[in-house]
Structure formats: C-alpha cells, structure tokens
Amino acid sequence: MHPLNLIIPLNGLAQGRTKFSWRIAKEFFGSFENSEIIDADLDVNVEVEKSGRYIGIDCEITGNVIVPCDRCLEDLTIPIDTTVLQSVKFGEEPAESTQTQEGEREIVFIPQDNTELDLSQTVYDYVCISIPMQRVHEEGGCNPIAMKYLNGEQNEETHEEPVSSSPFAALKGLLENKN
C-alpha cells in the first residue's frame with residue numbers, strides 16, 4: 001500500500017470532465033523501494049473524461065526529482081514534465097490483441113467489477129522513464145573534491161605521510177633486521 005494512493009473512483013464518476021490533483025514527494029517513491037530517487041516535488045494533475053462507456057484519462061506530471069549524479073554522487077535536480085494519455089476499457093484484455101493504443105492514448109484494460117483505478121504505478125513508471133539514462137551535473141557543476149579523484153589529481157595533504165606511519169614500514173624493518 002502506498003502512502004499516497006492516486007485513486008480515480010470509477011464507480012459513480014459523473015459524465016463529462018472531472019479533475020483530480022495530488023502532490024507527491026519522496027515518501028511516494030520510497031514505497032516502491034526505489035533507491036534512485038532521493039527526493040521529489042511533483043504535481044500530478046488528472047482530468048478524467050467520461051462519455052457513455054468511454055473513460056479517457058489525461059495526466060500531467062510536473063516538478064523536480066533529485067537523484068545522485070553518476071559522476072560525483074552529489075544530489076542532482078532533474079526537471080520532470082510528462083503527460084500520460086490513457087483510454088480505460090472494462091473486461092479482459094484480448095489474448096491476441098496487438099492494439100495497445102487508441103490514437104495517442106494507451107489502452108488500459110481493467111476487470112469489469114473494478115470500482116476504482118489506481119494511477120500510482122503509472123505515475124511512478126512515467127516519472128522513472130522521464131529521468132535521463134546519464135545523470136550528471138552540467139560541466140563544472142560536480143563536487144570539485146570528487147572530480148580531483150576522478151581526474152587522477154592527488155591531494156598533497158593526504159599523500160605526504162611519513163613512511164613510518166605506513167603499516168608496511170614495520171614489515172620492511174623486520175625483513176631488514178633478519179638479514
């Protein structure tokens with residue numbers, strides 16, 4: 001069960017257009033055991049159109065998510081602006097159906113006796129595919145300390161230790177004393 005359910009009540013939905021809005025944050029993504037999204041601030045605005053047995057869903061997801069940068073592992077803010085268009089059909093999905101779209105709309109089949117439609121998985125999926133495969137800060141935006149290590153530059157303070165503080169210095173001394 002998600003801390004925030006994005007539920008559209010299909011039973012008793014009035015003819016015409018009905019609007020729903022939710023604000024989702026990191027708890028929503030945490031319920032999917034997602035380790036990629038550190039934080040989120042997203043608005044989910046849904047407009048449901050019912051006309052006879054036709055139900056069309058227009059869902060807009062806008063805002064930002066925070067993920068770790070692939071290069072420096074610091075927080076990286078990614079803007080999200082995506083739209084989900086669906087047509088809801090009641091009944092079993094035909095076994096030999098190759099039609100998964102109706103114009104620009106994705107067809108979603110739900111059992112005849114379902115009284116509500118949960119958009120949580122759909123919103124989660126669309127946000128995740130909106131995040132680019134390579135997630136890096138713009139040039140110069142990464143953590144400079146991490147970049148020094150990635151570029152092979154050595155920090156003089158950490159590498160100028162006296163030889164005697166090395167654990168291998170004692171072993172070297174043992175070998176020299178033996179001879």
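The values are calculated or read from the model by the stated rules, or taken from the named source; none is laboratory data. What you see is a predicted model, and the numbers here were worked out from it, not measured in a lab. Don't worry about glycine lacking a Cβ; one is built from the backbone with ideal geometry, like all the others, and counts go over all protein chains shown. Surface accessibility is based on the protein's heavy atoms, side chains included, excluding ligands, DNA and RNA. Shrake-Rupley method; radii C 1.70, N 1.55, O 1.52, S 1.80 Å.
Identify, please: which residue in region 126-179 is out of contact with any Asp or Glu (no Cβ under 6 Å at 6 or more places or on another chain), modelled with pLDDT of 65 or more and of a type in the set (Val, Ile, Thr) and is, among those, surrounded by the most Cβ atoms within 10 Å (Cβ to Cβ)?
127
Evaluate the following for residue 34: is it modelled with pLDDT of 90 or more and surrounded by 12 or more Cβ atoms within 10 Å (Cβ to Cβ)? Show your work before the answer.
Details: modelled with pLDDT of 90 or more: no; surrounded by 12 or more Cβ atoms within 10 Å (Cβ to Cβ): yes.
In short, no.
Modelled with pLDDT under 95, touching a Leu at 6+ places or on another chain (Cβ under 8 Å) and surrounded by 11 or more Cβ atoms within 10 Å (Cβ to Cβ), is that true of residue 106? Show your work before the answer.
On the way: modelled with pLDDT under 95: yes; touching a Leu at 6+ places or on another chain (Cβ under 8 Å): yes; surrounded by 11 or more Cβ atoms within 10 Å (Cβ to Cβ): yes.
Yes, satisfied.
Can you name the residue in region 18-49 that is of a type outside the set (S, T, N, Q) and in a loop (DSSP other than H, G, I, E, B) and is also nearest to residue 86 (Cα to Cα) among such residues?
Of all residues in region 18-49, those of a type outside the set (S, T, N, Q) come to 19-20, 22-30, 32-33, 36-44, 46-49.
Restricting the remaining residues to those that are in a loop (DSSP other than H, G, I, E, B) gives 32-33, 36-38.
Details: 32: 22, 33: 26, 36: 26, 37: 25, 38: 28 Å.
This residue is 32.
Please work out if residue 57 is touching a Phe, Trp or Tyr at 6+ places or on another chain (Cβ under 7 Å), touching a residue at least 12 places away in the same chain (Cβ under 8 Å) and open to solvent by less than 50 Å² (accessible area, probe 1.4 Å).
No; evaluated as a whole, the condition is false for this residue.
Tell me which residues, restricted to region 67-95, are open to solvent by less than 60 Å² (accessible area, probe 1.4 Å), over 14 Å from residue 124 (Cα atoms) and not in a loop (DSSP other than H, G, I, E, B). It would help to see each step written out before you state the result.
In the first step, residues of region 67-95 are kept if they are open to solvent by less than 60 Å² (accessible area, probe 1.4 Å); the result is 67-69, 72, 76, 78, 80, 82, 84-88, 90-91.
With over 14 Å from residue 124 (Cα atoms) added as a condition, the list becomes 67-69, 72, 76, 78, 85-88, 90-91.
Once the filter is applied, which keeps residues that are open to solvent by less than 60 Å² (accessible area, probe 1.4 Å), over 14 Å from residue 124 (Cα atoms) and not in a loop (DSSP other than H, G, I, E, B), region 67-95 yields 67, 68, 76, 78, 85, 86, 87, 88, 90.
Does region 5-17 contain any residue that is part of a strand (DSSP E or B) and open to solvent by 70 Å² or more (accessible area, probe 1.4 Å)? It would help to see each step written out before you state the result.
Looking only at region 5-17, we keep the residues that are part of a strand (DSSP E or B), and these are 7-9, 16-17.
Still in the running and open to solvent by 70 Å² or more (accessible area, probe 1.4 Å): 17.
Yes - at least one qualifying residue is present in region 5-17.
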